[in-house]
Amino acid sequence: MAPHPPHLVYADNPVQNEPKSECGWESLRWAYERMRANLDEADYDVIVILSPHWQTYVGTHFLGLPNFKSKSVDPIFPNLFRFDYDIDVDVELSRMIHDEAQADGMVVKMMENPDFRVDYGTIVSCHLTRPQWDKPVVCISSNRANAYYSVEVMQEMAAQLGRATARAIEKSGKRALLLASNSLSHRHFITEPEIPEDMSAEHITSHHLYLWDMKLIEMMKQGKTKEIFDIMPEFTEQAVSESDGGAFSWILSALNFPTYPAIVHGYGTIIGTGNAVVEWPAEAAENAEVTPRGE
Ligand SMILES: [Fe+2]
């Protein structure tokens, strides 16, 4: 789980981002640091990401050209995020997931417009997870079934897409890192301090939302992901969660609902929203399962 508030990139001051900061949101940036250190140990070929900020209303879309390069400006925080991106896409795997989903009856489309601007959610989560930008990416859109139908319909589609994603990755033989790009509770303040990185202004918007975040995190730590899936509709509505984009449900389904404990690298708020950087070490858990006890 790789949340994408642009504040984290702003606070990191990479060369690609124009605005510069003094500091800020360290608890989350250090959480990303810890996750990166763990991921450096794992040798993976490709990053597969679902972002709630690439919103499609008819079906699920996939980036379908080998490279996308442009400037991304956050529509809400243009003062924090004006980022020059240059993204290599694993079109082969992208198309394989597309085909798997299509064969299962889903409405899908490859995005092949060379001028298409990649959303900032994808860019922020990928940058914070792998700032070297040396792994190709598969970018999946967020179908807004939540808007037309309900959270339940959104979640069923996300789960179906998760299964198709897992099947395609297995067939490809590639080692993939999956990223769900989303915050947990998502009610935010509507004004910004004069200095955006003034941490004296940063805290959760309400205790009620904090309780929801802690409940979800506790369940992740206990490996209760099926239970998370079951309460997702309630969580999404009550905590105004960014899980409405389907990324969280998608990743749990693609990982086949892990029962091993998630590694929670850290939690923090950004303009009042709740964010956690969380890792499900799928491969290590699988290896542990096949190793007989005592050996
Ligand atoms: Fe967002």
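Derivation of every value follows stated rules applied to the coordinates shown; laboratory data play no part. Since this is a predicted model, take the numbers as computed values, not measurements. So basically every Cβ, Gly included, is an ideal-geometry build from the backbone, and we count neighbours across all protein chains shown.
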Order the peptides 21-30, 115-124 from the highest to the lowest mean number of other Cβ atoms within 10 Å of their residues.
115-124, 21-30
Rg/Rh ratio calculated on Cα atoms of segment 204-243 (Kirkwood radius)
0.96
In angstroms, what radius of gyration and Dmax does segment 215-295 have, counting Cα atoms only?
14.1, 49
Hey, what did the chain get for relative contact order, percent, Cα under 8 Å, at least 6 apart?
27
Cut-off under 5 Å, modelled amide H: who pairs with Gln55 long-range:
Ser142
If eta is 1.567 mPa s and T is 4 °C, what Stokes-Einstein diffusion coefficient results for segment 174-229, Kirkwood Rh from Cα pairs, in µm²/s?
92
What's the lysine pair count for segment 7-290 at a Cα cut-off below 28 Å, pairs eight or more apart or interchain?
20
Segment 141-199: D in µm²/s via Stokes-Einstein (Kirkwood Rh, Cα pairs, 37 °C, 0.692 mPa s)?
220
Which residue, chosen from Asn143, Val240, Pro78, occupies the Cα position most advanced towards the positive end of the dipole of the chain, where the dipole is computed from +1 (Lys, Arg) and -1 (Asp, Glu) charges on Cβ about the Cα centre?
Asn143
Output the Kirkwood hydrodynamic radius of segment 1-153, Cα pairs only, in Å rounded to one decimal.
16.4
Which is farthest toward the positive dipole end of segment 7-290 among His203, Pro19, Gly64, measuring Cα position about the Cα centre, with Cβ charges +1 (Lys, Arg) and -1 (Asp, Glu)?
Gly64
I need the peptides 267-277, 100-110 ranked by packing, meaning the mean over residues of other C-beta atoms within 10 angstrom, with the highest value on top.
267-277, 100-110
The correct pair for segment 1-91, radius of gyration to one decimal and Dmax as a whole number, both in Å and from Cα atoms, is 14.8, 42
Enumerate the amide H contacts of His265 below 5 Å, restricted to partners 5 or more residues apart or on another chain; note that Pro and chain-start residues carry no placed amide H.
Val277, Val278, Glu279
Quick one: which of 281-288, 130-137, 9-16, 236-243 comes out on top by average Cβ neighbours within 10 Å, and what's the full order, highest first?
236-243, 9-16, 130-137, 281-288
Might you report the magnitude of the Cβ-based charge dipole of the chain about its Cα centre, with Lys and Arg at +1 and Asp and Glu at -1, to the nearest 20 debye?
360
Calculated Rg and Dmax of the chain using C-alpha coordinates, Å:
18.1, 58
